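Colleague: Pasting a structure here, questions to come.
No value in this document is a laboratory result; all are computed from the given coordinates. Treat the numbers as computed from the prediction; the structure is a model and nothing was measured. Cβ atoms come from the backbone with ideal geometry, glycine included; neighbour counts cover every protein chain shown.
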Amino acid sequence: MKNPLLRFCAAGAVLLASLITASAAADSKLIVAMLPKSKGNAYFISCKAGADKAAKELGVQLLFDGPTDSNAAKQNEIVENWITLGVDVIAVAAENKEGISTALRKAQKQGIKVLAYDADAMADSRSFFVNQATPQGIGQTLMDEAARLVGEEGEFAMIVGSLTAANQREWQKYVEARLKEKFPKMKLVAVRPCDDLKDKAQSEATALLSANPKLKLIMAICSPGVPGAAEAVKQAGLAGKVKVMGLGLPNENKRYVHSGVTDSVILWNTGDLGYLTIYAGVALAKDELKKGAKSFKAGSLGSFAIEGDNLLLGKPFIFNQGNIDQFDF
Amino acid sequence: MSTTSQAPAISEAARGDWRALLTRHEMLLLYVLIAEWVFFYIAGTSTNRRGVVVGFGTWDRQFDILRHSCEIGLLALALTPVIITAGIDLSVGSLLGLCAILFGKLWHDGGLPIPVAMGLTLGIGALAGALNAILITALRLPPLIVTLGTYSLFRGLAEAITRGSITYTDFPENFLFIGQERWLGLPTQAWIFISVALAVGILLHRTTFGRAFRTIGLAPEGARYAGLPVERRLALVYVLAGLIAAIAAIIYTARLGQAKADAGTGYELFAITAVVLGGTSIFGGTGTIAGTLLGVAAIAVLKNGLACLPVVMRLNAAEEMSGLLTGALLLVALTASVLPKILSKLRPRRHTTIRTIPPLSP
Amino acid sequence: MKRYFRELSVLGALLAVLLGLALLAPAFFSPQPLLTLITREAPTLVVACGMACVIITRQIDISVGSIFSVCSVCAGLLAARGWPLALVLPASVGLGALFGAFNGFLVAVLRLPSIVVTLATMVTLRQGLNLVRQGEFVNLPDHVQWFGLSQTAGQLVLVSTALGLLVAQALAMRHIAAGRYIYAVGTDAETARLAGIRPQLVTLLVFVFIGALTGLGAMMNLAQSPQVQPLTGNGLELKVIAAVVVGGVAISGGRGNLWGAFAGLLLLACVSPALTHLHVEAYWEKAVHGAIILLAVIADGLRSRQSNR
């Protein structure tokens, strides 16, 4: 039985040789590690694009890794990896606020600078939170835009990514709060999950449309949900009669926005979010960004306001037929 | 393996052969594990910009590997007796999730002290295992389909009870100690893992129960005729699996500091891979705890070692590569395990005849 | 009648659910949404036809979801590159058949257990796809959706293809020798071999068959929307296995037929829209699914216990 053993060893040796020669010599560039909620989500991929640009401008090395589907346990593992690797900055979009904070505090203890972006961690486990918009702001913008589209009265339904994702629950909470506060003539009739699958979102939306004949709008707060719901509305022949809007990426929704099926897609410039995060992270590492600062200048994007420890990107942005072609992510 | 008169002598030789083959599988796995470890040590350790040695070759990292592999390791331990009886349990990952949130609920909503909540959770795990056991033994239903159903059911119950989104957090410090701190030099959960491994190992290799499991896996009807209480033994393995899944749930919750309905998603696949990698035959009848432990170690080292390689980090592909390689490793291991059978079939008959002549000297 | 009691009881359950919906939520039956929902299930039906054969021969294939995703993405990329649909369809089917052949080789020739082989294949394919694609959607050219026909025409084409396949295969399994070989191998492979059938060849071909059907299903899914999401096959294997098992195909092999699988598929596919129409909260869905599967399986167990006595 020497053959299998020899084969294992030979394969291992080849792999070893190729990988060692391929790995670069130790360099003295700053290393910034960026953790998305889920690597496959186009939203975070577009954040990465901005982050890559910033990393190149600043001459730092960017590590970008995350779970393939949102998973708090895996996020922790990856942060632990980075700690033992000794990176200089860690920027996280936390799937679970408390869970990730233990690992982040450990990182801070070892002198690694920690930032949060997109979804915050506990206040004492990171120096700053790069906030694209508060969940409250997002929820309100969503609800206000929805109300505007239906004339402030009527039934609407919501499609979420998953029933367990923390930030989705937060947005939903603020949408419902805004609904109660300002739009008494509107009613939320159903909330259905789509498991972040476009096809399932389509099936759910089809069922929603048929179960609620008085439905006037579908709000999808996960990015695969918007094109899925739009396709359902289109196939049901209700384009224009039932409005579609939600949180999503311009590229996935362009064709629906142009054909009038989807009215608004709300987001923020995710590339800018990534860009700002990297700039802030590097500034932290170089001790240029300190606690108590009131503003921060990030490369070509200009100045940003800082409120307490929140670095604000700005208000959510509404993409519609008029401007969606200007964006490519 | 031909005439009945030669049967005793041949089965003796065959059994000797089998034992040698088995040891060889685990030895092979051990070589692979060592080779992996050495490879990642060399390629994955370096000195970072602060002059600190980081990467695979640090104590911190090794302890992290140990810490992270406890839950999957426990599930693999739970599955080993099940697979030895030629059964399978796909529901252990979902049961981990259900037990985790029930533990959180008992403590948080029920106001029970942590030890009581833990005890009740273990009871629930055993009960859930009993559900599988009853369906499999009393109704003689195939384990694959029963546990496929409970895989959905347990996860569904977890999501329904938490309405999908409730997460239990803010556990007290001395509970989190189990998952996040070290005790007497090793991560705390490692001690729990070692105890369970010892217990299951003793059960499998030193008691009559273990022999019963193997016999049931090889020939359930024969076992019944030989007077073994087959149903009771089968029920035991599934209840045990449920109990161990509950222990894993508690450790998971302590490690992460949160109890959420999606806990343990996908763990059963890694656990089964570890068990099969370790030499336990999915057809039942053979298997060792040592093999399972080696299998868990091999996968854990692979997953964590890959994440330490600079090349993988640059590609941002640690997650995919470890999944890919684990799948590939499983295929290779499976193929390698049947290779001797195929090779021997390809050899000309003459050699086969010679091999069946029992040795002259004892 | 008695012989098909199992399948008829699933049909009965389905009719009961539909009756309940007719009384409580008649909106469920509005033709256009119903057609859309049925069309969305057509690819699943196609794969279920293949899975029924696999399970009847006492094997299992949990890699169909990943094969579906890979075929969808590859077909989408080819279509986006300008390949005519007449070429993309056989490419997708062929790719699926290739993966099926790989599984089949390991199971039939190397005699490896199918649960573990297809587990390994599933993980490898899924992670490989994630690595390459990183979750990015594939945008399709306009002429792909509905094969360039109108929506209703396209939907009818897809549904009739799936139904046609179902009928053809059901008839084949009863009346053609090859169909009966599947039952023979599933009941007792050794006896089948002695009777002159080659169980290994049958098993290999069954895996190739389900692979090809998965490729076909991927194509049918592709034709329904203007974009492909790489995660699209997630959970397909469980859906299909559950449908087939609820429909009376026994995991222990040798028993069951496609009509039962069809009824099982419809029953399970009703759960989600039924919950929506009955205004029940979404998080009950998984629990209901699991309960239906368990009930079906328990019913099987009780019945075989009775017949054993």
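Colleague: Most fluctuating residue of C:G247, C:G148, C:G65 in a GNM of chain C with Cα springs under 10 Å: which is it?
Modeller: Result: C:G148 has the largest fluctuation of those listed.
Colleague: Moving to a separate point now. What is the calculated FRET efficiency for A:N323 to C:T161, with r their C-beta to C-beta distance and R₀ = 51 Å, to the nearest 0.05?
Modeller: 0.75
Colleague: Next question, about the same structure. Set the Förster distance to 41 Å, then compute FRET efficiency between A:A123 and B:I34 from the Cβ-Cβ distance, nearest 0.05. All intermediate terms of the calculation are to be shown ahead of the outcome.
Modeller: Values: r = 45 Å, r/R0 = 1.10.
Rounded to the nearest 0.05, the efficiency is 0.35.
Colleague: Let me ask something additional. Using 0.36 nm per residue of separation minus the Cα-Cα distance, give me the extension gain between A:D309 and A:Q110 in nm, one decimal. Don't skip to the answer; put the middle values down first.
Modeller: Details: separation 199, 0.36 × 199 = 71.64 nm, distance 2.11 nm.
Full-extension gain reported as 69.5 nm.
Colleague: Starting from the Cα gyration tensor of the stretch C:49-142, take the square roots of the eigenvalues, sort them a ≥ b ≥ c, and report rounded, prolate or oblate (rounded when a/c is under 1.5, otherwise prolate if a/b is larger than b/c, else oblate).
Modeller: Numbers: a/c = 2.69, a/b = 1.77, b/c = 1.52.
Judged from the Cα gyration tensor, the stretch C:49-142 comes out prolate (a/c at least 1.5, a/b above b/c).
Colleague: Continuing with this model, one more query. Taking the number of other C-beta atoms within 10 Å as the exposure measure, put A:D325, A:D287, A:D309 in order starting with the fewest.
Modeller: A:D287, A:D325, A:D309
Colleague: Just to be sure I understand the model, the point goes 7 Å from the Cα along the line to the Cβ. What's the resulting B:T207 to B:A138 distance in nm?
Modeller: So the two model labels end up 2.3 nm from each other.
Colleague: Using a simple spin-label model with points 7 Å from Cα along the Cα→Cβ vector, what separation in nm is obtained for C:S150 and C:A168?
Modeller: Distance between the two pseudo-spin positions: 2.7 nm.
Colleague: Using the Cα centre as the reference, give the magnitude of the dipole from point charges on the C-beta atoms of chain C (Lys, Arg: +1; Asp, Glu: -1; all else neutral), rounded to the nearest 20 debye. Each step should come with its number before you reach the end.
Modeller: On the way: 19 positive and 11 negative charges, 185 e Å.
About 880 debye.
Colleague: So, one more: Within chain C, which complete DSSP H helices have Cα atoms spanning at least 20 Å along the helix axis and a mean Kyte-Doolittle hydropathy of -1.0 or higher?
Modeller: C:5-24, C:31-56, C:64-80, C:85-104, C:114-133, C:151-175, C:199-222, C:258-277, C:285-308
Colleague: 222 nm [θ] for the protein assembly as shown, helices only, -39500 (n - 2.57) per DSSP H run of 4+, per residue, to 500?
Modeller: Details: 37 runs with 641 residues, N = 1000.
That calculation yields -21500 deg cm²/dmol at 222 nm.
Colleague: As I understand it, the dipole of the stretch C:32-233 uses +1 on the Cβ of Lys and Arg and -1 on the Cβ of Asp and Glu, about the Cα centre. Which of C:F68, C:Q127, C:A177 lies farthest toward its positive end?
Modeller: C:A177
Colleague: Further question on the same structure: Rounded, prolate or oblate: which fits the protein assembly as shown when a ≥ b ≥ c are the square roots of the eigenvalues of the alpha-carbon gyration tensor, with rounded for a/c under 1.5 and prolate only if a/b beats b/c?
Modeller: Values: a/c = 1.66, a/b = 1.20, b/c = 1.38.
The shape class here is oblate.
Colleague: Nearest 10 degrees, 0 to 90: what angle lies between the long axis of helix A:42-58 and the longest principal axis of chain A (Cα atoms)?
Modeller: In chain A, helix A:42-58 runs at an angle near 40 degrees to the longest axis.
Colleague: Right, here's the next one. Considering every residue in C:241-250, what mean count of other chain Cβ atoms within 10 Å of its Cβ is obtained?
Modeller: 2
Colleague: Taking the 0 to 90 degree range and rounding to the nearest ten, how far is the long axis of helix A:97-109 tilted relative to the main principal axis of chain A, both from C-alpha atoms?
Modeller: Taking the Cα atoms of chain A, the angle to A:97-109 is about 30 degrees.
Colleague: Treating the angle as unsigned and between 0 and 90°, give the value, to the nearest 10°, between the Cα long axis of helix A:2-22 and the longest Cα principal axis of chain A.
Modeller: Helix A:2-22 sits at roughly 80 degrees to that axis.
Colleague: Tell me the GluC sites (Glu not before Pro) within the stretch A:117-183 that lie in a loop according to DSSP and have at most 13 other beta-carbon atoms within 10 Å.
Modeller: Counting only loop positions with at most 13 other Cβ atoms within 10 Å, the GluC sites (Glu not before Pro) in the stretch A:117-183 are A:E153.
Colleague: I've got another one for you. Let me have the relative contact order for chain C, percent, based on Cα pairs under 8 Å that are six or more residues apart.
Modeller: That works out to 34 percent.
Colleague: Taking springs between alpha-carbon atoms closer than 10 angstrom, which of A:S162, A:S264, A:S223 fluctuates most in the Gaussian network model of chain A?
Modeller: A:S162
Colleague: Let me know the shape class of the stretch A:240-317, please: from the alpha-carbon gyration tensor, a ≥ b ≥ c as square roots of the eigenvalues, rounded when a/c is under 1.5, otherwise prolate if a/b is greater than b/c, or oblate.
Modeller: Since a/c reaches 1.5 and a/b is larger than b/c, the shape of the stretch A:240-317 is classed as prolate.
Colleague: Can you pull the one-decimal nm distance between simple spin-label points at B:R182 and B:K341, each 7 Å off the Cα toward Cβ?
Modeller: So the label points at B:R182 and B:K341 sit 4.5 nm apart.
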